[in-house]
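Written out below as structure tokens is the structure these notes cover.
The values are calculated or read from the model by the stated rules, or taken from the named source; none is laboratory data. All values reported here derive from a predicted model rather than from experimental measurement. FYI the Cβ positions are ideal-geometry reconstructions off the backbone, even for glycines, and counts take in every protein chain you see.
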Amino acid sequence: MDNDQVTLLDFWASPVGMRVRIALAEKGVKYEYKEQSLRNKSALLLEMNPVHKKIPVLIHNGKSICESLNIVQYIDETWKQSPLLPSDPYERTQSMFWANFVDQKIYDLKGKMIWTAEGEEQEAAKKDFVDCLKLLEGELGAKPYFGGGTLGFVDVALVPFYCWFHAYETMANFSIEAECPQLIEWCKRCMQKDSVSKSLADPQMIYNFAMKLRKIYRLSEQV
Ligand SMILES: N[C@@H](CCC(=O)N[C@@H](CS)C(=O)NCC(=O)O)C(=O)O
């Protein structure tokens, strides 16, 4: 596999892109990182993800793989060292279930929580978000990682959002640590790993970026 050509089309602030960076780092796969503009999409991105036209996209020996969880699963099955998904079929479905839950809830609620909604609607999104984090905290239980003793698929799916928490808390005015202290302990544990800390963006830069997006959303609503 030494002659593999691996390229990642990504955007620095993307939590779903960070999943792929973590998985590649966990496996020790060397790759070329190609930062993409999401406002002015490259011909390569449009060619490699013609359906959704979104990052992240992994290009492995000329073939493209799209959708972050799909990509992480592909990486896990292609480079077998440090497995992320359990081999037991039932355990695998449980990992997939919780990773999909992160996508459907944690990823999707951020828009309402910090950009589009205000007042009661924002409060409802915040409550929904905290409830979902608590469910995840329950699933983690007393384990060091969702994957058990080592970083697993659900850890990779969820931990990138940690660098967005500062923006969520400041923009929606609440404390995630006060609500879910064990989950924050888990975030800090994950950050001790180079594969995670080197893949996540700086929370202050994410905050500045999120504020810029908020202005754009609110201006576009006025026209
Ligand atoms: N479900 C997709 C989500 C991908 C996604 O939403 N990517 C965003 C960046 S975080 C994007 O490329 N947005 C550009 C657009 O929507 O045009 C995944 O997990 O890969």
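Going through region 110-129 one residue at a time, which ones are assigned to a helix (DSSP H, G or I) and either surrounded by fewer than 18 Cβ atoms within 10 Å (Cβ to Cβ) or in contact (Cβ under 8 Å) with a residue 60 or more places away in the chain (or both)?
Those that are assigned to a helix (DSSP H, G or I) and either surrounded by fewer than 18 Cβ atoms within 10 Å (Cβ to Cβ) or in contact (Cβ under 8 Å) with a residue 60 or more places away in the chain (or both): Gly111, Ile114, Trp115, Thr116, Gly119, Glu120, Glu121, Glu123, Ala124, Lys127, Asp128.
Tell me which helices (runs of 4 or more DSSP H) are completely within region 162-222 and hold 2 or more residues being buried (at least 16 other Cβ atoms within 10 Å of the Cβ) and at pLDDT below 95, or say none if there are none.
Per the criteria, 162-172.
I'm checking my understanding of the structure. Among residues of region 3-15 that are farther than 17 Å from Lys63 by Cα and surrounded by fewer than 21 Cβ atoms within 10 Å (Cβ to Cβ), which one is farthest from the ligand (Cβ to nearest atom)?
Trp12
So that you can scan it fast, the table gives a plain yes or no per residue for (1) within 16 Å of the ligand (Cβ to nearest atom); (2) within 14 Å of the chain's Cα centre (by Cα); (3) not assigned by TED's automatic domain parsing to the domain that holds Ala25:
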position	(1), (2), (3)
Ile114	yes, no, yes
Glu123	no, no, yes
Gly147	no, no, yes
Leu158	yes, yes, yes
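Quickly run through region 52-86 and pick out the residues that are under 15 Å from Pro15 (Cα atoms) and either small (Gly, Ala, Ser) or at pLDDT below 95 (or both).
Listed by number, the list holds a single entry, Ser68.
State whether one or more residues within region 144-155 are aliphatic (A, V, I, L, M), in contact (Cβ under 8 Å) with a residue 40 or more places away in the chain and over 26 Å from Leu84 (Cβ atoms).
No, because not a single residue in region 144-155 is aliphatic (A, V, I, L, M), in contact (Cβ under 8 Å) with a residue 40 or more places away in the chain and over 26 Å from Leu84 (Cβ atoms).
Here is a check on your reading of the model: is Ile65 in contact with a strand residue (DSSP E or B) (Cβ under 8 Å, 6 or more places away or on another chain) and within 20 Å of Ser195 (Cβ to Cβ)?
In short, yes.
Is there any pair linking a residue in region 65-76 that is more than 13 Å from Ala157 (Cα to Cα) to one that is assigned to a helix (DSSP H, G or I) and within 8 Å of the ligand (Cβ to nearest atom), with Cβ under 6 Å and at least six apart or on different chains, and which?
Short answer, once both residue conditions are applied: Ile65/Ile71.
Go through region 141-157 and report how many residues are of a type outside the set (Gly, Ala, Ser) and assigned to a helix (DSSP H, G or I).
Looking only at that region, the number is 4.
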